[in-house]
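Have a look at the structure below before the remarks.
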Amino acid sequence: MINGNRILVVDDEEKTRKHLNKFLTQRGYTVGLAKDGRSGLKEIKKTRYDLALVDIVMEDERAGLDLLQEINKLSSTTVPIVITGYGSIESYEEAKKNRVYDYLIKPIKGEQLNEVVERGLELHRELEVKMKKEKRDEVYAVHKEKLEEKDVGKFVALSYNEKEEPIVGEDEAEVIEKALEKFGKGGFFLRRIGYETIIRIGGGYEHKI
C-alpha cells in the first residue's frame with residue numbers, strides 16, 4: 001500500500017541499497033536510490049524527498065557529509081538520517097551540524113529502522129506545516145496594505161505564488177469556487193481580510209489556524 005512518502009537511500013553498497021529498497025517499499029514508501037554523493041545530490045535537486053537515509057562513509061570519504069550540507073541548503077523539510085558502518089564521535093558531531101535527525105550504526109535492525117523512519121516522517125510533517133504557515137504569512141504581507149485599505153471583513157483567496165492577484169469577495173463559497181478554478185486544489189488559502197485566522201486551506205477543507 002502506497003502511503004505517499006518519498007525516501008531517498010544513498011549508499012555505495014549495492015547490497016545495502018537493495019535491502020533498504022525492499023524493506024521500505026514493502027511498507028508503502030516510494031524509494032529513490034543513489035550510489036554516491038553526486039547521484040544523491042542529483043536526486044535531491046530532481047525530486048522532493050520527505051526523508052533521506054545517507055551513508056556518510058562512501059568511496060569519497062566526505063561524500064556523505066557534503067551531501068548532508070547540500071540537503072540542508074536545498075530542502076528545509078527533508079529529514080536526513082545517517083546510516084554508517086564506521087561511526088565516530090567526529091562524524092556524529094559534524095553530521096549534527098547539518099540537521100541530522102538520527103545516526104544509525106550498521107547493521108540496522110528492521111524494528112529500529114522502522115521506528116526511526118516513522119519518527120523522522122513525523123518531524124517532516126511538522127516542518128511542512130511550519131513552512132506553509134510562514135509562506136502564508138509572507139504572501140499575505142505582500143498584499144496586506146492594499147487589501148486592508150478598502151476590503152476589511154471580505155473574504156480573500158490567495159495563491160501560494162505571491163505574484164498571483166488575490167480573489168476578493170463577500171460570498172465565501174463564490175470566492176472558493178473562483179479560487180479552485182484559478183489556483184487549483186491545494187494551491188491557495190482563504191482568510192477574512194483584517195483577521196488573523198486562516199479559515200480554509202486549498203480545496204475547501206476547513207481549518208482553524
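The values are calculated or read from the model by the stated rules, or taken from the named source; none is laboratory data. Note that the coordinates shown come from a computational prediction; the quantities given were computed from them, not determined experimentally. A quick note on method: Cβ atoms are made from the backbone with ideal geometry, for glycine too, and the neighbour counts reach across all protein chains shown. In case anyone asks, the SASA skips ligands and DNA or RNA and just uses the protein heavy atoms, side chains included. Shrake-Rupley method; radii C 1.70, N 1.55, O 1.52, S 1.80 Å.
Just one of the numbered conditions (1) at pLDDT 95 or above; (2) part of a helix (DSSP H, G or I) is not true of Tyr103: (2). For the range 57-69, a residue qualifies if it is part of a helix (DSSP H, G or I), touching a helix residue (DSSP H, G or I) at 6+ places or on another chain (Cβ under 7 Å) and either farther than 13 Å from Asp36 by Cβ or open to solvent by 10 Å² or more (accessible area, probe 1.4 Å) (or both), and the qualifying residues are Ala63, Leu65, Asp66, Leu68. Here Asn114 fulfils each of the conditions (1) at pLDDT 95 or above; (2) loosely packed, with under 12 Cβ neighbours inside 10 Å apart from (2). Taken over the range 6-46, the criterion of being closer than 20 Å to Leu65 by Cα and not in a helix (DSSP H, G or I) is satisfied by Ile7, Leu8, Val9, Val10, Asp11, Asp12, Glu13, Gly32, Leu33, Ala34, Lys35, Asp36.
Screening Glu126 against (1) under 20 Å from Ile7 (Cβ atoms); (2) open to solvent by 100 Å² or more (accessible area, probe 1.4 Å); (3) in a loop (DSSP other than H, G, I, E, B) leaves a single unmet condition, (3). Please state which of the following conditions Glu174 fails to meet, knowing it meets all the rest: (1) among the charged types (D, E, K, R); (2) open to solvent by less than 70 Å² (accessible area, probe 1.4 Å); (3) over 24 Å from Val129 (Cα atoms). Result: Glu174 passes all but (2).
So, in the range 44-59, of the ones that are among the charged types (D, E, K, R) and under 11 Å from the mean Cα position of the chain (by Cα), which residue ends up modelled with the highest pLDDT? Taking the candidates together, the pick is Asp50. Scanning the range 79-105 for residues that are closer than 26 Å to Lys22 by Cα and either open to solvent by 50 Å² or more (accessible area, probe 1.4 Å) or β-branched (Val, Ile, Thr) (or both) yields a total of 9. Within the range 70-78, not a single residue is among the hydroxyl-bearing types (Ser, Thr, Tyr), open to solvent by 10 Å² or more (accessible area, probe 1.4 Å) and under 18 Å from Thr16 (Cα atoms). Evaluation of Tyr86 against the conditions (1) at pLDDT below 95; (2) more than 24 Å from Gly187 (Cβ to Cβ); (3) assigned to a helix (DSSP H, G or I) shows that the sole unmet condition is (3). Figure legend. Inter-residue proximity from the range 89-102: first residues within 15 Å of Asp55 (Cα to Cα), second residues modelled with pLDDT under 85 and open to solvent by less than 80 Å² (accessible area, probe 1.4 Å), beta-carbon distance below 8 Å, spacing 6+ or different chains. Indicated pairs: Ser91/Val57. Considering only the range 136-171, state which residues are assigned to a helix (DSSP H, G or I), within 22 Å of the chain's Cα centre (by Cα) and crowded, with 16+ Cβ neighbours inside 10 Å. Arg136, Val139, Tyr140 - these are the residues of the range 136-171 that are assigned to a helix (DSSP H, G or I), within 22 Å of the chain's Cα centre (by Cα) and crowded, with 16+ Cβ neighbours inside 10 Å. If Arg99 satisfies every condition in (1) at negative phi; (2) within 19 Å of the chain's Cα centre (by Cα); (3) basic (Lys, Arg) but one, which is the exception? In the conditions (1) at negative phi; (2) within 19 Å of the chain's Cα centre (by Cα); (3) basic (Lys, Arg), Arg99 misses (1) alone. Of everything in the range 12-38 that is in contact (Cβ under 8 Å) with a residue 24 or more places away in the chain and of a type in the set (Ser, Thr, Tyr), the residue that is surrounded by the fewest Cβ atoms within 10 Å (Cβ to Cβ) is Thr30.
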